[in-house]
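Enquirer: One structure, pasted below without further comment.
The values are calculated or read from the model by the stated rules, or taken from the named source; none is laboratory data. This one's a predicted model, so the numbers in the text were calculated from it and none came from an experiment. Virtual Cβ from ideal backbone geometry, glycine too; neighbours counted across all protein chains shown.
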């Protein structure tokens, strides 16, 4: 590919190159070029004839080539937006997704109704986007964020300091919440755990560019979720709540597991913005 000489030619090149790989080739190209130039998308659209220095055109081609060879756009950028904030990411953590913002909404709705400080844990925090968002949205909130991956926690630590949440978010390397129990239990447990069935993993593009350990949930996809459910009777405080993100078609199975493992708890399913069952809310 020839090095583009203007903003317009760079965006035209990326649009054509990405049209068969992405549902949003225009947006992707704008994000790539904006990253190179340090400019917002609005500036790019307002200055199509702006001449690109050769070094910027060359850098843009390099990033575009990474996308064309299968690397996820957020990994090429090194960041992705979640709940209006940019979070540093790499291949060791899941890319933050709009579906998970629904879990944050549900958590904030619950937390804002409480009259006393709450004990909150984000299980499998990854980039830390959920824990940090909760802490930034509710001043004074303290959130424990756990993950089994040290590499993920390093990214989360970067995001904690980037968003000035180092006094509010405490990172712990542990399997789920197995080694942690506050005196009176957690008032709120948030968890976006692996939930993709093993047999589906190799069919999904996501498995080729994001950490398998954060995606694969065992034979039926619910192996890790089920382990967390087994511990909730001892981890939730009186009147505590757990909010779990689940995959499409898993709601009935999760509700059945809750009925067997947590007979004294109440559970309901909430839909995401597309109308799909996405969250299971468990109340003690």
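Enquirer: Restricting the range 123-148 to residues that are assigned to a helix (DSSP H, G or I) and in contact with a strand residue (DSSP E or B) (Cβ under 9 Å, 6 or more places away or on another chain), which is nearest to residue 280 (Cα to Cα)?
Expert: Within the range 123-148, the subset assigned to a helix (DSSP H, G or I) is 129-137.
Next cut, in contact with a strand residue (DSSP E or B) (Cβ under 9 Å, 6 or more places away or on another chain) only: 129-136.
On the way: 129: 19, 130: 16, 131: 18, 132: 21, 133: 20, 134: 18, 135: 22, 136: 24 Å.
Here the residue is 130.
Enquirer: While we're on this one: Please pick out the residue among 104, 120 that is in contact with a helix residue (DSSP H, G or I) (Cβ under 8 Å, 6 or more places away or on another chain), assigned to a helix (DSSP H, G or I) and in the same structural domain as residue 187 (by TED's automatic domain parsing). Don't jump to the end; show me each part of the working.
Expert: Details: 120 fails: assigned to a helix (DSSP H, G or I).
It is 104.
Enquirer: Same structure again: Just to be sure before I move on: is residue 232 surrounded by 21 or more Cβ atoms within 10 Å (Cβ to Cβ), at pLDDT 90 or above and in a helix (DSSP H, G or I) in the structure I sent?
Expert: Spelling it out, residue 232 is indeed surrounded by 21 or more Cβ atoms within 10 Å (Cβ to Cβ), at pLDDT 90 or above and in a helix (DSSP H, G or I).
Enquirer: Which numbered condition in (1) touching a residue at least 24 places away in the same chain (Cβ under 8 Å); (2) within 25 Å of the chain's Cα centre (by Cα); (3) surrounded by fewer than 17 Cβ atoms within 10 Å (Cβ to Cβ); (4) not in a helix (DSSP H, G or I) is the only one that residue 93 fails?
Expert: (3)
Enquirer: Scan the range 184-196 and give yes if some residue there is surrounded by fewer than 18 Cβ atoms within 10 Å (Cβ to Cβ), more than 20 Å from the chain's Cα centre (by Cα) and within 25 Å of residue 143 (Cα to Cα), otherwise no.
Expert: Of the residues in the range 184-196, the ones surrounded by fewer than 18 Cβ atoms within 10 Å (Cβ to Cβ) are 184.
Keeping just the survivors that are more than 20 Å from the chain's Cα centre (by Cα) gives 184.
Of the ones still in play, those that are also within 25 Å of residue 143 (Cα to Cα) are 184.
Yes, the range 184-196 has at least one match.
Enquirer: Are any residues in the range 256-278 under 15 Å from residue 228 (Cα atoms) and in contact with a strand residue (DSSP E or B) (Cβ under 6 Å, 6 or more places away or on another chain), and if so, which ones?
Expert: Listed by number, the residues that qualify are 258, 265, 267.
Enquirer: If residue 219 meets every condition in (1) outside any loop (DSSP other than H, G, I, E, B); (2) surrounded by fewer than 17 Cβ atoms within 10 Å (Cβ to Cβ) apart from one, which number is that one?
Expert: If we test residue 219 against (1) outside any loop (DSSP other than H, G, I, E, B); (2) surrounded by fewer than 17 Cβ atoms within 10 Å (Cβ to Cβ), just (1) comes out false.
Enquirer: Is the range 197-212 home to any residue that is within 22 Å of residue 98 (Cα to Cα), in the same structural domain as residue 264 (by TED's automatic domain parsing) and touching a helix residue (DSSP H, G or I) at 6+ places or on another chain (Cβ under 6 Å)?
Expert: Scanning the range 197-212 turns up at least one residue that is within 22 Å of residue 98 (Cα to Cα), in the same structural domain as residue 264 (by TED's automatic domain parsing) and touching a helix residue (DSSP H, G or I) at 6+ places or on another chain (Cβ under 6 Å).
Enquirer: I'd like to check something: does the range 63-81 contain any residue that is at pLDDT 95 or above, crowded, with 16+ Cβ neighbours inside 10 Å and more than 19 Å from residue 209 (Cα to Cα)?
Expert: The answer is no, given that none of the residues of the range 63-81 is at pLDDT 95 or above, crowded, with 16+ Cβ neighbours inside 10 Å and more than 19 Å from residue 209 (Cα to Cα).
Enquirer: What pairs come up if the first residue lies in the range 219-242 and is touching a residue at least 60 places away in the same chain (Cβ under 8 Å), the second is in a helix (DSSP H, G or I), and their beta carbons are under 7 Å apart, counting only those six or more places apart or on different chains?
Expert: Qualifying pairs under 7 Å: 241/110.
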